[in-house]
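Structure first, then comments.
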Amino acid sequence: MNPDNTLQNYIGKMINYTQIGFDNEKYLHEQTEAILERVSRFNDKLYLEMGGKILYDYHASRVLPGFDPNSKIRLLQKLKEKIEVILCVHAGDLERNKVRADFGITYDMDAFKSIDDMKWFGINVSSVVITRFKAQPSAVIFKNKLEMKGIKVYLHYPTKGYPTDVDTIVSDEGYGKNEYIHTVKPLVVVTGPGPGSGKLATCLNNLYHDYKKGIKAGYAKFETFPIWDLPLDHMVNVAYEAATADLRDRNMIDSYHLEAYGVKAVNYNRDIEAFKVLQRILEKITGGESMYQSPTDMSVNRASSGIIDDKVVQEAAYQEVIRRYFRSAVEYAMGVTGKSTLERSSELMNRIGAKESDRKVVAAARQAASDAEKKGKGYGGIYSGAAIQLHDGTIITGKSSPLFHAPSSMILNATKYLAGLPDSMILLPESIIDSVTHLKKDILNGKQVSLDVEETLIALAISATSNPAAKMALEKLTELYWCEMHSTHIPTPGDEAGCRKLRVNLTCDPEFSSNRLFVSE
């Protein structure tokens with residue numbers, strides 16, 4: 001089954017609305033050829049560890065304008081007769097309710113979504129592996145749900161002796177203790193939500209079992225970032241460090257690659273630091289045959305081949321570093337990340353000489369909040385502002401009021417501008433607003449009655465049935481896709497959900513939108 005036109009149009013809009021710095025088709029061709037060449041080195045089977053996001057890789061599409069966020073799945077479609085997919089999920093992530101930020105869903109839900117989405121693209125997930133399983137209650141529930149849907153689930157346990165005792169790791173007490181994952185295709189793609197999901201261990205586990213069965217399988221890695229043949233301080237590689245600030249990843253020159261081939265290559269510290277141990281594990285599994293001489297050697301990455309405008313790409317990556325800084329600040333304020341992550345993000349900002357004001361919408365949003373305070377337009381003593389930069393460069397702002405959250409006002413103002421409607425035009429009649437606020441306050445006993453983004457979008461759709469101006473504004477919402485947006489306050493759940501559906505690149509100041517400790521509306 002192929003995705004319908006809606007998704008393809010959605011992706012097309014994202015690419016059309018940005019300056020192009022990346023040729024996605026050229027990249028897909030070269031990456032496909034490189035993977036097929038790697039498969040040909042191993043007659044029986046290749047386990048391909050696929051890092052990053054296999055679907056909806058919005059980080060890549062932001063730093064490489066023109067990159068299709070579903071490039072990886074499109075590549076797998078080209079190879080679908082040769083592949084099967086194993087999905088790895090770390091039991092600890094399930095227990096911690098770890099959230100995928102771009103969708104706002106936990107990793108168990110992301111796994112379900114990934115299985116459904118890949119099936120939609122014609123790619124079948126043959127099995128799911130729960131890694132580092134210790135009978136965590138949430139992991140057991142996850143396993144039961146999958147098995148009720150007819151999905152094969154394997155359990156892998158913490159590996160005895162890992163990471164230094166190679167003799168124990170590569171033995172029946174180590175990898176041999178885990179279940180062998182039965183596969184039938186020559187190319188096995190091993191993926192998972194986020195870093196630390198156990199992809200590498202899953203590949204090595206099956207390599208161990210295959211060699212015991214006389215099957216000479218191989219291992220390779222497919223990660224988009226860092227891009228090994230770009231300079232160490234190239235902004236795209238710096239943006240990777242910003243994206244992994246919580247992991248403290250640092251890009252380094254791969255000394256093993258330089259020694260073996262005389263070529264400078266960029267890799268990240270964790271891969272370089274673990275390489276000697278990994279090399280010994282691979283050699284012990286294969287009986288002394290050395291597959292690779294460096295961490296870079298293991299990887300299949302042709303991302304640099306797609307860069308057609310380095311200036312556009314560098315600027316996009318520079319902006320991503322700033323966005324990541326704001327995200328770290330907000331996550332620290334919310335208590336979901338430690339101070340070290342914020343310090344790492346600040347360090348990267350200083351390293352490239354970036355300032356908050358380099359993100360154009362920041363100053364505009366803060367000015368809108370200041371204007372709201374001067375006019376006394378706030379709610380519950382909080383004065384908020386929001387700003388969005390449209391694709392023509394115009395910046396539109398919105399202020400908080402007793403009727404609307406600041407992002408809601410901003411969206412209404414932006415759609416009026418795009419539709420060529422006067423700023424004074426009323427899009428939502430008083431009767432609709434009164435009805436919604438009555439529902440929230442008097443019927444549902446809500447404490448905050450001003451409309452958030454989700455509620456505003458629904459109200460706009462209702463108004464569009466009888467108001468031609470509202471209908472014109474409604475049709476312009478798609479032109480907000482992939483626009484840059486900033487809010488002076490952390491969005492409420494309804495604001496965040498609405499902005500996520502509009503696919504705006506949202507940042508915000510680490511200030512709460514309410515003085516209340518619990519905010520559900």
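Does GLU147 satisfy the criteria of being more than 25 Å from the chain's Cα centre (by Cα), outside any loop (DSSP other than H, G, I, E, B), at pLDDT 90 or above and in the same structural domain as LEU200 (by TED's automatic domain parsing)? Spell out the reasoning first.
Details: more than 25 Å from the chain's Cα centre (by Cα): yes; outside any loop (DSSP other than H, G, I, E, B): yes; at pLDDT 90 or above: yes; in the same structural domain as LEU200 (by TED's automatic domain parsing): yes.
For GLU147, the condition - more than 25 Å from the chain's Cα centre (by Cα), outside any loop (DSSP other than H, G, I, E, B), at pLDDT 90 or above and in the same structural domain as LEU200 (by TED's automatic domain parsing) - is met.
Against the conditions (1) within 23 Å of the chain's Cα centre (by Cα); (2) under 26 Å from PHE275 (Cα atoms), where does TYR107 fall short? Just the number, please.
That leaves (2) as the condition not met.
Take the residues in the range 258-299 that are buried (at least 21 other Cβ atoms within 10 Å of the Cβ) and either touching a Lys or Arg at 6+ places or on another chain (Cβ under 8 Å) or assigned by TED's automatic domain parsing to the domain that holds THR164 (or both); name whichever of them is farthest from HIS59 (Cα to Cα).
Checking each candidate, the answer is MET298.
What do you reckon, is THR106 more than 20 Å from HIS182 (Cβ to Cβ) and either hydrophobic (A, V, I, L, M, F, W, C) or in the same structural domain as ARG62 (by TED's automatic domain parsing) (or both)?
On the way: more than 20 Å from HIS182 (Cβ to Cβ): yes; either hydrophobic (A, V, I, L, M, F, W, C) or in the same structural domain as ARG62 (by TED's automatic domain parsing) (or both): yes.
Judged against the criteria, THR106 is a match.
Being part of a helix (DSSP H, G or I), of a type outside the set (Val, Ile, Thr) and out of contact with any strand residue (DSSP E or B) (no Cβ under 9 Å at 6 or more places or on another chain) narrows it down to one of ASP172, ASP167, so name that one. It would help to see each step written out before you state the result.
Numbers: ASP172 fails: part of a helix (DSSP H, G or I).
Selected residue: ASP167, the only one of ASP172, ASP167 that is part of a helix (DSSP H, G or I), of a type outside the set (Val, Ile, Thr) and out of contact with any strand residue (DSSP E or B) (no Cβ under 9 Å at 6 or more places or on another chain).
Please report, ordered by residue number, the helices (runs of 4 or more DSSP H) entirely within the range 54-137 with at least 1 residues that are among the aliphatic types (A, V, I, L, M), within 25 Å of THR244 (Cα to Cα) and without any contact (Cβ under 8 Å) to a residue 24 or more places away in the chain. I'd like the intermediate steps shown before the answer.
Working: elements: 58-63, 71-78, 91-95, 107-120.
So the answer is 107-120.
Quick check on ILE426: is it touching a helix residue (DSSP H, G or I) at 6+ places or on another chain (Cβ under 9 Å) and either crowded, with 20+ Cβ neighbours inside 10 Å or not in a loop (DSSP other than H, G, I, E, B) (or both)? Quick ask: steps written out before the conclusion?
Numbers: touching a helix residue (DSSP H, G or I) at 6+ places or on another chain (Cβ under 9 Å): yes; either crowded, with 20+ Cβ neighbours inside 10 Å or not in a loop (DSSP other than H, G, I, E, B) (or both): no.
Judged against the criteria, ILE426 is not a match.
I'm told ALA354 meets every condition in (1) out of contact with any Gly (no Cβ under 8 Å at 6 or more places or on another chain); (2) of a type in the set (Gly, Ala, Ser); (3) surrounded by 15 or more Cβ atoms within 10 Å (Cβ to Cβ); (4) in a helix (DSSP H, G or I) except one. Can you identify the failing condition by its number?
The number of the failed condition is (4).
Residues checked against (1) under 21 Å from the mean Cα position of the chain (by Cα); (2) surrounded by fewer than 23 Cβ atoms within 10 Å (Cβ to Cβ); (3) not in a loop (DSSP other than H, G, I, E, B):
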| residue | (1), (2), (3) |
| --- | --- |
| GLU315 | yes, yes, yes |
| VAL321 | yes, no, yes |
| TYR332 | yes, yes, yes |
| VAL336 | yes, yes, no |
| SER346 | yes, yes, yes |
| ASP371 | no, yes, yes |
| HIS391 | no, yes, no |
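Can you confirm whether ILE54 is within 22 Å of ASN505 (Cα to Cα) and either surrounded by fewer than 18 Cβ atoms within 10 Å (Cβ to Cβ) or in contact with a Ser or Thr (Cβ under 7 Å, 6 or more places away or on another chain) (or both)?
Values: within 22 Å of ASN505 (Cα to Cα): yes; either surrounded by fewer than 18 Cβ atoms within 10 Å (Cβ to Cβ) or in contact with a Ser or Thr (Cβ under 7 Å, 6 or more places away or on another chain) (or both): yes.
When the stated conditions are applied, ILE54 passes them.
Of the conditions (1) modelled with pLDDT of 95 or more; (2) within 24 Å of ASN205 (Cβ to Cβ); (3) in a helix (DSSP H, G or I), GLU241 clears all except one; give me its number.
(2)
Which residue pairs have Cβ atoms closer than 8 Å, lie 6 or more positions apart in sequence or on different chains, and pair a first residue in the range 171-186 that is assigned by TED's automatic domain parsing to the domain that holds ILE151 and surrounded by 14 or more Cβ atoms within 10 Å (Cβ to Cβ) with a second residue that is outside any loop (DSSP other than H, G, I, E, B) and among the acidic types (Asp, Glu)?
That search, which allows pairs on different chains as well, returns THR183/GLU84; LYS185/GLU84.
It is to be established whether one or more residues within the range 151-161 are in the same structural domain as SER114 (by TED's automatic domain parsing), in contact (Cβ under 8 Å) with a residue 40 or more places away in the chain and not small (Gly, Ala, Ser). Step through it out loud before you land on a result.
Start the filter on the range 151-161 by keeping residues that are in the same structural domain as SER114 (by TED's automatic domain parsing), which leaves 151-161.
From what is left, the residues that are in contact (Cβ under 8 Å) with a residue 40 or more places away in the chain are 156, 159.
Now narrow it down to the ones that are not small (Gly, Ala, Ser): 156, 159.
Yes - at least one qualifying residue is present in the range 151-161.
Would you check which residues across the range 503-520 are part of a loop (DSSP other than H, G, I, E, B), over 25 Å from THR478 (Cα atoms) and modelled with pLDDT under 95 and list them?
Here is the first cut: in the range 503-520, the ones part of a loop (DSSP other than H, G, I, E, B) are 503-504, 509-511, 513-520.
If we keep only those that are over 25 Å from THR478 (Cα atoms) as well, we get 509-511, 513-520.
Selection gives GLU511, SER513, SER514, ASN515, ARG516, LEU517, PHE518, VAL519, SER520.
Would you point out which residue out of TYR154, TYR175, TYR256, TYR208 is modelled with pLDDT of 95 or more and under 19 Å from GLY288 (Cα atoms)? So that I can check it myself, show each step before the final result.
Details: TYR154 fails: under 19 Å from GLY288 (Cα atoms); TYR175 fails: modelled with pLDDT of 95 or more; TYR208 fails: modelled with pLDDT of 95 or more.
None of the other options fit; the residue is TYR256.
Please count how many residues of the range 452-482 are outside any helix (DSSP H, G or I) and touching a residue at least 12 places away in the same chain (Cβ under 8 Å).
Quick first cut of the range 452-482, residues outside any helix (DSSP H, G or I) only: 452, 464-467, 476, 481-482.
Narrowing further to those that are touching a residue at least 12 places away in the same chain (Cβ under 8 Å): 452, 467, 476, 481-482.
So the count comes out to 5.
Out of all the residues in the range 128-181, which are touching a Gly at 6+ places or on another chain (Cβ under 7 Å) and of a type in the set (Lys, Arg)?
ARG132, LYS160
For the range 375-382, indicate whether the set of residues that are basic (Lys, Arg) and part of a helix (DSSP H, G or I) is non-empty.
Checked the range 375-382: no residue is basic (Lys, Arg) and part of a helix (DSSP H, G or I).
The values are calculated or read from the model by the stated rules, or taken from the named source; none is laboratory data. Just so you know, these numbers come straight off a predicted model, no measurement behind them. Positions of Cβ are generated from backbone atoms using ideal geometry, with glycine treated the same way; all protein chains shown enter the neighbour counts.
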